[in-house]
Amino acid sequence: MDANKYRFELDAISSNSFIAINKTLIRVFGLEVAVFISNLADKMRYFLDKGMLGNDGSFFLRHADQEEQTGLSEYKLKQCKKILKDIGVIDTVTKGMPAKEYYILHLDVLAEYYLAGDNAGIKEALDNKTPKNDGVKTPKNHTVKTPQNRGVKTLRNRGGFPYNKENKDKDNKGKENKVKETVPLGTVSAPDKSGASKNQPPPCPHQQIIDLYHRILPELPSVRTWPEHLRKRLRSRWRESEERQNIGWWENYFEKVREAPWLMGQVSDFHADLEWLIGPKNLCKVLNGRYSRRDNYVRKFSEKTDRSIKTLKQWMEKTGLDEEDRQ
């Protein structure tokens, strides 16, 4: 970034160098846009002198400050900004948290229009620019002159396109026809009187599952309260698979739990409860037989212990130890 070059060019167009706004800017861009440019040049020069100008030449300027410094309304400021963006004199970028709008003043492009001394190049650039509504809200009944629509009164936020009741009726009619064409006949069924869709799973029978848990697993902690977060968890397990939407599946599941001594508290101090059994990961482990493998290990360990005790008794009998010695 050539700071000296920026200062030289900014001095040529900045309002700091003149009592009034630069006349060439007024002749090329018009009074309001010239005021807008001069104010941007002043602010850019300020940030440049303070060493606060971005690497891309960007600087921050609020709309409220622009209104106060230029005397232009918010609508006029947006108009000026749109014109200058369309002809490539400025760009805006959003930076920071919270997001702020930063300006980039392209001095080389501005210099071309400035040295031309008239607005012929600007008119040509605007005529070649595809009309669009860059977020500029058009006041009600304001006349917007565009290459396709000159002098047509438009309503707010309609992007400069003509409005009349006949066109609106045609648009609505086209939308209705489009909907009718895209929805095949027979695909929309009459609503169920019960209010539930045929594809919707049956409601989760919380109390039946809880009663089943108490009947098959009376040794495990009983369910005293069943708050909403547990109802939601059980409802999720119920809806995850069609086969689970059957009370018989839950009966088989609890029977599988009963066959696992570790879950029943027969191996350690741990014992499962219904809240633990309906956890998504725990239910999957039970179904995959993880605790059955542990039960096999416990069973093998018990068998090994029995064999060791039997071997010890045989050794004691061979050595001739009597009952008192054994004690």
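General remarks:
- For Ser292, Ser58, Ser268, Ser38, the sequence from fewest to most other C-beta atoms within 10 Å is Ser268, Ser292, Ser58, Ser38.
- Cβ-based net charge around Pro205, under 11 Å, with every Lys or Arg adding one and every Asp or Glu removing one: 0
- Proxy reagent accessibility, fewest Cβ within 10 Å first, across Phe8, Phe36, Phe47: Phe8, Phe47, Phe36
- Modelled FRET efficiency - R0 56 Å, Gln208 with Glu317, Cβ distances, 0.05 increments: 0.45
- Cα centroid separation, the stretch 62-96 to the stretch 24-60: 11 Å.
- Residue-by-residue Karplus 3J(HN,Hα) for the stretch 46-54, coefficients 6.51, -1.76, 1.60, Hz, glycine and proline x: 4, 5, 5, 5, 7, x, 10, 6, x
- Shown here for the stretch 214-258: trypsin sites (Lys or Arg not before Pro) in loop regions (DSSP other than H, G, I, E, B) with at most 15 other Cβ atoms within 10 Å, namely Arg224.
- Selection of chymotrypsin sites (Phe, Trp or Tyr not before Pro), the stretch 215-272, meeting DSSP coil and at most 16 other Cβ within 10 Å: Phe270
- Contour excess over end-to-end distance, with Cα ends at Leu31 and Ser292 and 0.36 nm allotted per residue: 85.3 nm
- In this simple spin-label model, placing a label point 7 Å from the Cα along the Cα-to-Cβ direction at both Arg244 and Glu259 gives a separation of 2.0 nm.
- Neighbourhood charge, 13 Å Cβ-Cβ cut-off, centred on Gly71 and excluding it, Lys, Arg +1 and Asp, Glu -1: -4
Just so you know, all these numbers are worked out from the coordinates, no wet-lab data involved. Worth saying up front: this structure is predicted, and the values here are computed from it rather than measured. So basically every Cβ, Gly included, is an ideal-geometry build from the backbone, and we count neighbours across all protein chains shown.
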